[in-house]
Amino acid sequence: MKQLTLIVATLLTTWVVGQEVKTSNERVSFSHGTFDAVVVTIPYANKDVVEKELKSEMKDWGGKYSSSKDEYTAKQAKMKDMGDKYFDGYAKIIQSGTDIKVAFAVDLGGAYLNSGEHRDQYKIIENRAKKFGQSASKESVNGMIELETKALKKLNGEKEDLQKSIESSKKDIESYKKKIADAEQKIKDDESATQKKEGEIGAQAKKLEEVQELLKKIK
């Protein structure tokens, strides 16, 4: 099992080389308005994994957590790196085809976080968003590894079954060969016995004739 996992992991690692988790500052539409947000692009993302990771991430922000559809909220959140003030955090999953991004918007209390006016705080959220994206991407790929490992294990199991079937058929052939050889020898033995029996039959037929001749001698 470990060897299978290593093989699949190596293949997938080769495949994902160069896929960087990128962030950008964009205007994003949330259910309560359009705001500046840190947007992270997650390579090879699985939405179920992203949802699970994002729920955990927003709960880590502290405050009152809630979620609705693809939006997640942390009201009155507080982080040591962000200062002493409370803020409201919003996250939204944005999916376009197979591409998945997550937008993080922060209401600092009167102004939404952006890279121009809140450079230090923006960097903190940007770094956190990138770490989140890396974690979600890795967990998504780990899920892929698990599925591909199961598929590979299944194929190896099917191969082993075929090999067992081949060995069983070979044994059957050897058994059949022995039965054929035994049958051929039995035919030879029976043919020899048949010839002998024909001699015995001839001798017995002659005795019968001799006995029958006795009847003719009785007067």
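The values are calculated or read from the model by the stated rules, or taken from the named source; none is laboratory data. Keep in mind the model is a prediction, meaning the values are calculated, not measured. In case anyone asks, the SASA skips ligands and DNA or RNA and just uses the protein heavy atoms, side chains included. Shrake-Rupley method; radii C 1.70, N 1.55, O 1.52, S 1.80 Å.
Just tell me, in residue order, which DSSP H segments of the chain are both 18 angstrom or longer along the helix axis (alpha-carbon based) and at least 1.0 in mean Kyte-Doolittle hydropathy.
Length and hydropathy pass: 2-16.
Starting from the Kirkwood radius over alpha-carbon pairs of the stretch 30-147, derive D by Stokes-Einstein at 25 °C in a medium of 0.890 mPa s and give it in µm² s⁻¹.
It comes out at roughly 170 µm²/s.
Rounded to the nearest whole Å³, what is the per residue volume of the convex hull around the Cα atoms of the stretch 103-219?
Considering the Cα atoms of the stretch 103-219, their hull volume per residue is 139 Å³.
How much of the accessible area of the stretch 21-118, probe 1.4 Å, is carbon plus sulfur, in whole percent?
43 percent
Just to be sure I follow: if Rg is taken over the C-alpha atoms of the chain and Rh is the Kirkwood radius over the same atoms, what is Rg/Rh?
Radius of gyration relative to Kirkwood radius: 1.76.
What part of the accessible area of the stretch 155-219, given as a whole %, is carbon or sulfur when the probe is 1.4 angstrom?
57 percent
Filter 59/123; 92/138; 52/80; 159/179 down to the pairs with a C-alpha to C-alpha distance above 28 Å, please.
Table pairs above 28 Å Cα-Cα are 159/179.
Could you work out the per residue convex hull volume over the alpha carbons of the stretch 61-116, in cubic angstrom?
Taking the convex hull of the Cα positions in the stretch 61-116, it is 104 Å³ per residue.
Measuring with a 1.4 Å probe in the full set of protein chains, what accessible area per residue, in whole Å², belongs to the chain?
I get 70 Å² per residue for this part.
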